[in-house]
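Trainee: The structure under discussion is supplied below as structure tokens; questions concerning it will follow.
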Amino acid sequence: MRHGRSPLRLAIIANEQTPYRLHLHRRICREMPETELWSIFTNEVASSPWQYQDDPEIRSVLFGDISPGLPSRTIGEAFRQWTKGSRIVGWLASHRIGAIILYGYNDLVRLRIVRWAAAQKVPCFLFGDSNIHCDKAIGIKAAVKRWYIPWILGQTTGVFHCGTLGREYFRRYGVAAAKLYTFPYEPDYTLFERSELDRCSATRRRHGLSADRRYLLFSGRMIAAKRPDLLVKAFEAIAAVRTDWDLVMVGDGPLRPELENCLDHSFRKRIHWLGFIADVAELADLYAICDVFVLPSDFEPWGVVLTEAATRLALVASSVVGAAADVIEDGVNGRIFPQGNRDGLREALLDVTELSRIESLKAASPGVLSRWRRSADPVLNLRLALQNARLLPVTDSKSVHGN
């Protein structure tokens, strides 16, 4: 256990900056003065067009490249990843980092870091957003996972997961319950809980959204795994009987032109395509304007947008969405439908858009979210993990471990 006066030098190593990641890192800096956080990012090019911020509060350090580089299957890319990993461990050593939280374990950069930490006896916690319902590997890939994942996890001090389905995933691969900590992606909930009437009115006008209509909302990349096509088809199937409802589609991607072009002419004006929205405050306005958030993904290890929406909307999600198990109580604040099942999604949409139910469903969501958050605060669980590893002294803070 640390008894010295200097703070614990803690490095969080992630692939890219996102608004929710920046928020969590700032919380750690402000709420855990017994640590000195360094935020290491391995990629400059993000999966969504978020802009990298050189944030002095979280001590941002970028090891990424401007271009994505060669395909990961090539020898050149393998060499590049291993070299980048060597650069990072050199930085960790020179800055006398006392503990590491490493996001991911599926490339040579991260393998290099885990092996270095084990050799140098630097405590290393691994974070993964995997969930048991998305664990569908078969054949050789499944055999490799059954060997590799327990091997790599066995070299870590503990494992951070997002929620219930993530905990089940890591238990499947042999991680002891005592080494598991709930550490979800966390948005700045205060942004989504508050709404200003004037700002929401301006957002309505900008996007042509009438105050007299009800709205279903999708927010995500327009790619096959997110299944925006399934949602559009399900909406078309209920549109004739839900004449007061429209569909709002936020995001861009390769499927968007195809989906826009294949719409039945009679429904085109009832589907609003807003594109990618980088302004989190504008997204919060849309949550205040809309009534139901829909996440119909075929593959969604967590789904932080679902936790954002749970601040005020009714929710509909497929059964593979990790966050659904924690922030949707089926029939109370929304519905969970079988993955990929168009009829199941149609029935869920018909249920939540029933005017006699929608307000009670929306009103229930904040309570469901609040109950889950009490057992899933990432800062409290980070402190507990560091205490259990004897890196911080034990305090009187309440333990939420094991939930």
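Trainee: If you check residue 209 against the conditions, is it over 30 Å from residue 25 (Cβ atoms), of a type in the set (A, V, I, L, M, F, W, C) and surrounded by 13 or more Cβ atoms within 10 Å (Cβ to Cβ)?
Mentor: Against the criterion (over 30 Å from residue 25 (Cβ atoms), of a type in the set (A, V, I, L, M, F, W, C) and surrounded by 13 or more Cβ atoms within 10 Å (Cβ to Cβ)), residue 209 qualifies.
Trainee: Go through the range 285-301 and count every residue that is closer than 19 Å to residue 165 by Cβ, in contact with a Lys or Arg (Cβ under 7 Å, 6 or more places away or on another chain) and crowded, with 21+ Cβ neighbours inside 10 Å.
Mentor: Count: 2.
Trainee: Still on this model: What single numbered condition from (1) of a type in the set (Phe, Trp, Tyr); (2) surrounded by fewer than 21 Cβ atoms within 10 Å (Cβ to Cβ); (3) closer than 18 Å to residue 386 by Cα fails to hold for residue 116?
Mentor: Every listed condition holds for residue 116 apart from (3).
Trainee: In the list 248, 294, which residue meets the criterion of being of a type in the set (A, V, I, L, M) and in contact with a His (Cβ under 9 Å, 6 or more places away or on another chain)?
Mentor: Checking each option against the conditions leaves just 248.
Trainee: Among the candidates 24, 37, single out the residue that is touching a residue at least 40 places away in the same chain (Cβ under 8 Å) and among the hydrophobic types (A, V, I, L, M, F, W, C).
Mentor: Only one candidate qualifies: 24.
Trainee: So which residues in the range 194-227 are assigned to a helix (DSSP H, G or I), modelled with pLDDT of 90 or more and more than 15 Å from residue 246 (Cα to Cα)?
Mentor: Across the range 194-227, the qualifying residues are 199, 200, 201, 202, 203, 205, 206, 224, 225, 226.
Results for (1) surrounded by fewer than 21 Cβ atoms within 10 Å (Cβ to Cβ); (2) in the same structural domain as residue 307 (by TED's automatic domain parsing); (3) not in a helix (DSSP H, G or I), shown as yes or no for each residue.
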| position | (1), (2), (3) |
| --- | --- |
| 145 | yes, no, no |
| 165 | no, no, no |
| 169 | no, no, no |
| 175 | no, no, yes |
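Trainee: Follow-up question, since we're still on this one. Can you name the residue in the range 357-388 that is surrounded by fewer than 21 Cβ atoms within 10 Å (Cβ to Cβ) and of a type in the set (Ser, Thr, Tyr) and, of all such residues, is modelled with the lowest pLDDT?
Mentor: Once the filter is applied, the top-ranked residue is 375.
Trainee: OK, next. Counting only residues that are at pLDDT 95 or above, over 18 Å from residue 8 (Cβ atoms) and in the same structural domain as residue 29 (by TED's automatic domain parsing), give me the strands (runs of 3 or more DSSP E) lying completely in the range 54-141 with at least 2 of them.
Mentor: Ranges flagged: none.
The values are calculated or read from the model by the stated rules, or taken from the named source; none is laboratory data. Keep in mind that this is a model prediction, so the values were computed, not measured. Cβ coordinates were reconstructed from backbone atoms using ideal geometry, including for glycine residues, and neighbour counts include every protein chain displayed.
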